[in-house]
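Notes follow once the structure below has been shown.
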Amino acid sequence: MSANTDPISEPSKSEIIPLPRKSGVVTRISSLLPEPRNEAKSCSVVIVSYKTGPVLMECLRSVLAQPDVNQLILVDNGNARAMVREINALADEDPRLEIITGHGNVGFSKGCNIGARRARGRYILLLNPDSIIDEDVLSQALDVFDEFPTASLITVRLENPDGSEQRGGRRNLMTPWTCLVEQFRLDRLAPNHPHFKRLNLNENEPLSEITKVQCISGAFMLMPKSTFDDLGGMDEDYFLHVEDVDFCMRIEKRGGEILYVPHISIMHQQGTSHVYSGFVEWHKSNSFAKYFFKHFQPQYPKPLLNIFAAAIYTRFVLRLIPMSLRWMFERVFPPRPIPMRAARKAIESRKSRSVSSS
């Protein structure tokens, strides 16, 4: 791939060497698991949570309402004591909920791997803890594999609480070039040129059919467990952010197929974790730099990648002061929480009116 235009090279058919697996500490796990409703469609859901907030309970209940969930694995990287008591009470009510804790905040990637090693379903869903899924959403998503049995990974439409399509739910793979196009909106110079495609596609025309995409968000990743195992799971070098992009890149390199399903949607409320935003941004910057050096050293000269890394960390420094001020302001004047169920009802009502009017 040339450093000036090509956004991504053709997928390679070579196999990926699995990443080394690392162990976690299990201190609470339920063994009284009911038989799955349909073994062929059995699904284990893995959720990694760190100071998520009240939306976590609603997320867990929405997952347990799915008939095809035979196992819900919560990897507790650290939550408030009151929240832990609520989670334990829910686990006592429903033995499908398993809690893995005692390992501290090991990051998102390692948390996913710890949870996936406990998964017994034929399929595995990686779900963010601030997501709400309606009844039968998972069943509909699993049915997509009947129509596309060779698919490696699928996602659904991610919606903001207001019903709009969320940024990052479908996108092109991140390369140094596509990041430049997205950052400086170079696509406006040549809108129809294949080398000037934007990174994020949520502002493009909404899709009406199941479509192959290059990259999706880690908020909802549904796949056969064999896909996860064959890739060796998430790369634990990423503590937070970009691990989903790396996972999609590895699928792309081995010739896998990632599908976006527009007629199924979930609500994803971002920014619910009570964590200092500078901490999140620091790990995001580190992950960006690691990703570029991991995947693009053969195509891009190392000095050029060093320039990209310097730009990434410069951006972090420039954003740190306003980010810290905003974080402190929100500690004093916390924003009103979004009523998730009320928002979902409003969205469904709007959709029903749209369907009836058409």
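Only residues that are in contact with a Ser or Thr (Cβ under 8 Å, 6 or more places away or on another chain), within 30 Å of Ser324 (Cβ to Cβ) and not in a strand (DSSP E or B) were counted in the range 248-273, giving 3. Scan the range 216-242 residue by residue and report those that are out of contact with any Leu (no Cβ under 6 Å at 6 or more places or on another chain), farther than 21 Å from Gln269 by Cβ and part of a strand (DSSP E or B). If the condition is that a residue be out of contact with any Leu (no Cβ under 6 Å at 6 or more places or on another chain), farther than 21 Å from Gln269 by Cβ and part of a strand (DSSP E or B), then Pro224 is the only one that fits.
Among the residues of the range 209-232, is there at least one that is touching a Pro at 6+ places or on another chain (Cβ under 6 Å) and in contact (Cβ under 8 Å) with a residue 40 or more places away in the chain? Among the residues of the range 209-232, at least one is touching a Pro at 6+ places or on another chain (Cβ under 6 Å) and in contact (Cβ under 8 Å) with a residue 40 or more places away in the chain, which makes the answer yes.
Just one of the listed residues (Glu135, Glu165) is out of contact with any His (no Cβ under 8 Å at 6 or more places or on another chain), under 20 Å from Ile266 (Cα atoms) and free of Cβ contacts under 8 Å to residues at least 60 places away in the same chain, and it is Glu165. Of all residues in the range 199-215, one or more are modelled with pLDDT under 95 and not in a loop (DSSP other than H, G, I, E, B). Might you check whether a residue that is under 20 Å from Lys41 (Cα atoms), at pLDDT below 95, in contact with a helix residue (DSSP H, G or I) (Cβ under 8 Å, 6 or more places away or on another chain) and surrounded by 18 or more Cβ atoms within 10 Å (Cβ to Cβ) occurs anywhere in the range 88-110? Checked against the condition, which is being under 20 Å from Lys41 (Cα atoms), at pLDDT below 95, in contact with a helix residue (DSSP H, G or I) (Cβ under 8 Å, 6 or more places away or on another chain) and surrounded by 18 or more Cβ atoms within 10 Å (Cβ to Cβ), the range 88-110 yields no hits at all.
Considering only residues in the range 134-149 that are within 12 Å of Lys41 (Cα to Cα) and under 18 Å from the mean Cα position of the chain (by Cα), the one that is surrounded by the fewest Cβ atoms within 10 Å (Cβ to Cβ) turns out to be Leu142.
Part of a loop (DSSP other than H, G, I, E, B), crowded, with 16+ Cβ neighbours inside 10 Å and basic (Lys, Arg) - does that describe any residue in the range 180-192? No, the conditions are met nowhere in the range 180-192.
Taking the listed residues Pro298, Pro322, the one that is part of a loop (DSSP other than H, G, I, E, B) and not assigned by TED's automatic domain parsing to the domain that holds Leu180 is Pro298, with no other qualifying. The residues on offer are Gly115, Gly163, and the sole one that is outside the structural domain of Ser287 (by TED's automatic domain parsing) and in a loop (DSSP other than H, G, I, E, B) is Gly163.
This table checks each residue for (1) within 22 Å of Asn77 (Cα to Cα); (2) buried (at least 21 other Cβ atoms within 10 Å of the Cβ); (3) polar (S, T, N, Q).
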residue	(1), (2), (3)
Ser277	yes, no, yes
Val280	yes, no, no
Gln297	no, no, yes
Lys302	no, no, no
Leu305	no, no, no
Thr314	no, no, yes
Val317	no, no, no
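Looking only at the range 112-145, filter to residues that are out of contact with any strand residue (DSSP E or B) (no Cβ under 7 Å at 6 or more places or on another chain) and either at pLDDT below 95 or hydroxyl-bearing (Ser, Thr, Tyr) (or both); which one of those is nearest to Gly53 (Cα to Cα)? My answer is Asp134.
The values are calculated or read from the model by the stated rules, or taken from the named source; none is laboratory data. Predicted model, so just to flag it, every value in this text is computed and none were measured. Glycine gets a Cβ as well: all are built from the backbone with ideal geometry, and neighbour counts include every protein chain shown.
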